[in-house]
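Before any comments, here is the structure.
Read-outs throughout are calculated quantities, based only on the coordinates presented, and are distinct from any laboratory measurement. Computed from a predicted model, the values in this text were never measured in an experiment. Don't worry about glycine lacking a Cβ; one is built from the backbone with ideal geometry, like all the others, and counts go over all protein chains shown.
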Amino acid sequence: MLTRFLIHVVALFFVFYFIWHVHQSILGAVIIMAVILALVNAIIRPVLLILTLPVTVLTLGLFVVILNALLFGLSFAVLQGIMGVHFDLTFLQILIGYVIYVIVSTVLTHLIH
């Protein structure tokens, strides 16, 4: 479980530093974001997946990517509120950040296991 958390922290670090170009207080921000993202995925995501099931079926599952990117952006917005900073990110930047996050965490997971 700790290994999985560390993989997500490294993937978030990659997104923050190289994709979103956030360089201030990055280690603390990444750890807080990982915790927030875990809570959002555990509490809010299952409810939203059930509520958006018809749209997900109509789009053949592609809406789940959009929903996950929205939750990723929500987690980042909560992080900004906690840290008291503001970064202007568009939905496209959040979507790209989410896709890169998934790719990096998947690659790291396969390398470790």
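Computed values, structure above
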read-out: Meets criteria (over 16 Å from Phe13 (Cβ atoms), of a type outside the set (S, T, N, Q) and in contact (Cβ under 8 Å) with a residue 40 or more places away in the chain) for Val78; value: yes
read-out: Subset of region 1-52 (residues that are touching a residue at least 40 places away in the same chain (Cβ under 8 Å) and charged (D, E, K, R)); value: Arg4
read-out: Boolean, Ile96 is surrounded by fewer than 14 Cβ atoms within 10 Å (Cβ to Cβ) and either of a type outside the set (Val, Ile, Thr) or within 20 Å of Leu12 (Cβ to Cβ) (or both); value: no
read-out: Asn41 closer than 18 Å to Thr106 by Cα, of a type in the set (S, T, N, Q) and touching a Lys or Arg at 6+ places or on another chain (Cβ under 9 Å); value: no
read-out: Residues of region 85-97 that turn out to be in contact (Cβ under 8 Å) with a residue 40 or more places away in the chain and part of a helix (DSSP H, G or I), as a count; value: 3
